[in-house]
1. If I filter segment 40-86 down to residues being within 12 Å of the chain's Cα centre (by Cα) and over 26 Å from residue 2 (Cβ atoms), which single residue comes out as surrounded by the fewest Cβ atoms within 10 Å (Cβ to Cβ)?
2. Of everything in segment 1-27 that's surrounded by 14 or more Cβ atoms within 10 Å (Cβ to Cβ) and under 16 Å from residue 78 (Cα atoms), which residue is nearest to the chain's Cα centre (by Cα)?
3. When you go through (1) at pLDDT 95 or above; (2) of a type in the set (Ser, Thr, Tyr); (3) on the phi < 0 side of the Ramachandran plot one by one for residue 41, which number turns out not to apply?
4. Among the residues of segment 28-86, what is the count of those that are of a type in the set (Gly, Ala, Ser), outside any helix (DSSP H, G or I) and touching a residue at least 24 places away in the same chain (Cβ under 8 Å)?
Amino acid sequence: MKLKIFTVYDSKAETYLPPFYMKTKGEAVRGWITTLNDPQSSFCQYPADFTLFELGDYDDQDSSFNLHETKQVIGNGLEYKNAQNN
C-alpha cells in the first residue's frame, strides 16, 4: 500500500516536525483540522505558526520512498482553523 508522507513546519521554532503517514491527503487534512481545533494543542493556540506540507509517498510493499521535487503546501493553520470536516 502506498502512504502519503506529511510534515508540519513550525515557523517560530524554525523546524519541521517529524513526518507522519496517511492513506490520503483528505485524511491528513481531516486530522489537521481536528488538531487545530483542539484547545489543548499548541496548534490551536498559535495556528499561524504551523503549515502542513505533503512530502511524497512511501510504498510499504518494497519500502521505497518517492519524494516530490519540492514540498507541496497544503495550508497554514489559519486557513484551516475552525473549518468543518466535510
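1. Going through the qualifying residues, I end up with 76.
2. Once the filter is applied, the top-ranked residue is 8.
3. Only one criterion in (1) at pLDDT 95 or above; (2) of a type in the set (Ser, Thr, Tyr); (3) on the phi < 0 side of the Ramachandran plot is unmet by residue 41, namely (1).
4. Taking segment 28-86 first, the residues of a type in the set (Gly, Ala, Ser) are 28, 31, 41-42, 48, 56, 63-64, 75, 77, 83.
Next, from what is left, pick out any that are outside any helix (DSSP H, G or I): 41, 56, 63-64, 75, 83.
Applying the additional criterion that residues be touching a residue at least 24 places away in the same chain (Cβ under 8 Å) yields 56, 75, 83.
Going through segment 28-86 one residue at a time, the tally reaches 3.
The values are calculated or read from the model by the stated rules, or taken from the named source; none is laboratory data. As the structure is a prediction and not an experimental result, all values here were calculated from the model. No Cβ is skipped: glycine too gets one built from the backbone with ideal geometry, and neighbour counts run over all protein chains shown.
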